[in-house]
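Everything on this sheet refers to the single structure shown next.
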Amino acid sequence: MPACPLPLDVLPKPLQKHADPKAPAPLRLMGAKGLVPAVAAADLVTLLCVLSYDDDAGVAAAAVKTAEGLPDKIFGVALRSEGLRGPVLDWLADRFASNEAALELILLNAATPDETLARVALTASQKLGEIIRQNELRLLRHDPIIRALCRNPHALASTIDGACDFCVRNGLTLLDVPQLVEAHRRVHGVDPVQRAEDVETAERLMAEYRQELATEPVEGARGPEGEEEANRKLNMTQRIIKMSVSEKIKLATLGNKEARTLLLRDSNKLVCMAAATSPRITDGEILGLANSRTVQADVLRYIYSNREFTKTYAIKASLVKNPKVPLPFALKMMFTLQEKDIKELARDRNVPQTIQSQAKAFMMKKEQAAKVNMDKK
């Protein structure tokens with residue numbers, strides 16, 4: 001039995017006793033059968049995933065059976081959850097391999113690993129194949145997805161052609177994939193050739209600038225830079241700018257903060273989104289984006305629509321002040337701020353006028369309520 005890819009603390013404390021390898025087998029079996037009261041759907045499927053790796057074959061088999069028999073109402077809520085971990089979604093993709101409705105939700109969940117999409121793309125139905133084709137960022141970020149889609153006997157020719165044309169237009173042509181070679185001829189009117197040595201790739205740049213692009217700089221630290229080092233970084237920046245969209249996306253995903261900062265300013269929204277959704281991005285960078293007045297609208301939407309980000313108070317407060325955030329979202333978040341911050345918004349002339357006036361109205365109402373209470377006393 002392979003080791004569980006998830007630590008025990010991904011589960012709420014009341015559920016950990018049902019998954020702890022040291023717990024009595026009957027208690028673990030109780031969790032594997034889903035006999036745990038008042039548990040959220042996302043926590044339940046996470047518990048089942050953890051228990052499917054249990055050393056006791058009976059417990060592991062029971063967890064798999066319970067997962068595969070979950071009613072639509074439960075797995076539907078779980079698979080829409082923003083907080084569901086990638087390894088759980090990957091595990092559920094195998095459990096629901098014949099359930100198209102469940103697979104659709106897995107494909108649409110941003111936390112689903114790219115490797116899972118590539119595996120599903122190999123046998124996906126026509127409908128699921130089109131959903132995969134529409135996820136343009138993943139197509140460019142992870143080559144195995146387009147490779148698998150091209151090998152899928154169920155996918156519509158129009159789906160494959162559309163995906164290949166998109167990839168080729170954005171600089172991704174794989175010479176060992178006939179459909180991509182044909183798309184290159186269709187889009188550019190010539191046969192593709194082996195990449196010239198001067199064609200920039202993320203892989204080559206990462207190899208040459210491994211230390212600069214793999215190491216995250218310490219916040220606030222500025223080391224001495226000689227002319228040679230400064231020129232080297234300038235050269236790296238110039239080479240990144242010359243990359244194709246697909247290569248920029250790969251670098252945005254794999255590179256460090258300096259690469260992400262540069263690529264977040266790219267004119268292509270897919271490149272910006274790749275940098276914003278990089279698994280290496282920090283809360284500090286997200287806070288910076290929430291404060292930015294020049295950030296791409298899609299990146300900002302990704303932040304204010306993500307509950308995990310808006311749980312962080314500083315990010316939420318910054319979003320309220322950002323004039324690029326739609327007013328309905330900003331107002332909703334404003335009324336969850338602390339009173340001292342709403343009071344500050346009422347005085348701040350740099351925030352949107354509607355936010356300022358609503359903050360003033362809120363504070364006036366609070367003051368009137370306080371005055372009434374004082375009069376009653």
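In table form, for the structure just shown:
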read-out	value
Relative contact order (percent, whole number), the range 8-188, Cα cutoff 8 Å, 6+ residue spacing	13
Debye log10 I(q)/I(0) at q = 0.15, 0.16, 0.19 Å⁻¹ for the range 8-188, Cα point scatterers	-0.81, -0.88, -1.09
Kirkwood-based Rg to Rh ratio, the range 82-213, C-alpha trace	1.02
Rg in Å to one decimal, and Dmax rounded to a whole Å, for the range 238-288 via C-alpha atoms	9.8, 29
Percent of C-alpha pairs per 5 Å bin, the range 50-126, short to long	3, 16, 28, 23, 19, 9, 2, 0
Residue 36/residue 312 FRET efficiency (R0 30 Å; Cβ-Cβ; nearest 0.05)	0.50
Whole-number percent relative contact order across the chain, with pairs defined as alpha carbons under 8 Å at least 6 apart	8
Per-q log10 I(q)/I(0), the range 9-90, q = 0.11, 0.12, 0.23, 0.24 Å⁻¹ (Debye; single scatterer per alpha-carbon; no solvent)	-0.24, -0.28, -1.09, -1.18
Between the range 108-168 and the range 288-337, the alpha-carbon center distance in angstrom	31
FRET efficiency estimate (nearest 0.05) - Cβ-Cβ, residue 324 to residue 235, R0 30 angstrom	0.35
Computed [θ] at 222 nm, deg cm²/dmol, the chain (DSSP H ≥ 4; -39,500 (n - 2.57); rounded to nearest 500)	-18500 deg cm²/dmol
Whole-number Å³ per residue for the convex hull built on Cα positions in the range 299-341	63
The chain - Rg over Rh from alpha carbon coordinates, Kirkwood radius	1.04
Cβ-derived FRET efficiency at R0 30 Å, residue 125 paired with residue 267, nearest 0.05	0.25
Residues in the range 327-344 reached by a label modelled at residue 361 [backbone nitrogen below 18 Å; 7 Å Cα→Cβ]	327-337, 342-344
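Rule-based calculations on the coordinates, nothing more; no lab input. Since the structure is predicted, the reported quantities are computational estimates derived from the model, not experimental observations. FYI the Cβ positions are ideal-geometry reconstructions off the backbone, even for glycines, and counts take in every protein chain you see.
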